[in-house]
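One structure below.
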Amino acid sequence: MRFENQTFTTDVTLDYNVFINCTIKNCVVFYYGGDFSLVNTTFTTVRFGLGGSANNTLAFLRLVRANGANLLEELLNQGPQPGPGQMTIN
């Protein structure tokens, strides 16, 4: 679904959604591993909840970090980085 110029104050799921010029605040942001896009969208006082593939990825990142914080930093710096105001996962 596509959301533009909206403010969310209840829990939000990122998967399969596009957020443009939105504000997400005072809620839990859930992510399960699906595609999503954030364009000029801000998070204020949010917590994150992960499930499914996203939770498996978090477990992998923790494993990498346990073997050296520098390894995690190297991994996170690989590949293209999101530009200012934009994050697209697909």
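The values are calculated or read from the model by the stated rules, or taken from the named source; none is laboratory data. Keep in mind that what you see is a predicted model, and the values were worked out from it rather than measured. As a convention, Cβ positions derive from the backbone with ideal geometry for all residues, glycine included, and neighbour counts pool all protein chains shown.
Summary of values
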{"item": "Unmet criterion (only one of (1) in a loop (DSSP other than H, G, I, E, B); (2) of a type outside the set (Val, Ile, Thr); (3) modelled with pLDDT of 95 or more) for Gly83", "result": "(3)"}
{"item": "Output for the range 26-80, where each listed residue is hydroxyl-bearing (Ser, Thr, Tyr) and either touching a residue at least 60 places away in the same chain (Cβ under 8 Å) or part of a helix (DSSP H, G or I) (or both)", "result": "Ser53, Thr57"}
{"item": "Residue match in the range 4-25 (condition: part of a strand (DSSP E or B) and in contact (Cβ under 8 Å) with a residue 24 or more places away in the chain)", "result": "no"}
{"item": "Residues satisfying the stated conditions in the range 57-67, i.e. surrounded by 12 or more Cβ atoms within 10 Å (Cβ to Cβ) and not aliphatic (A, V, I, L, M)", "result": "Thr57, Arg65"}
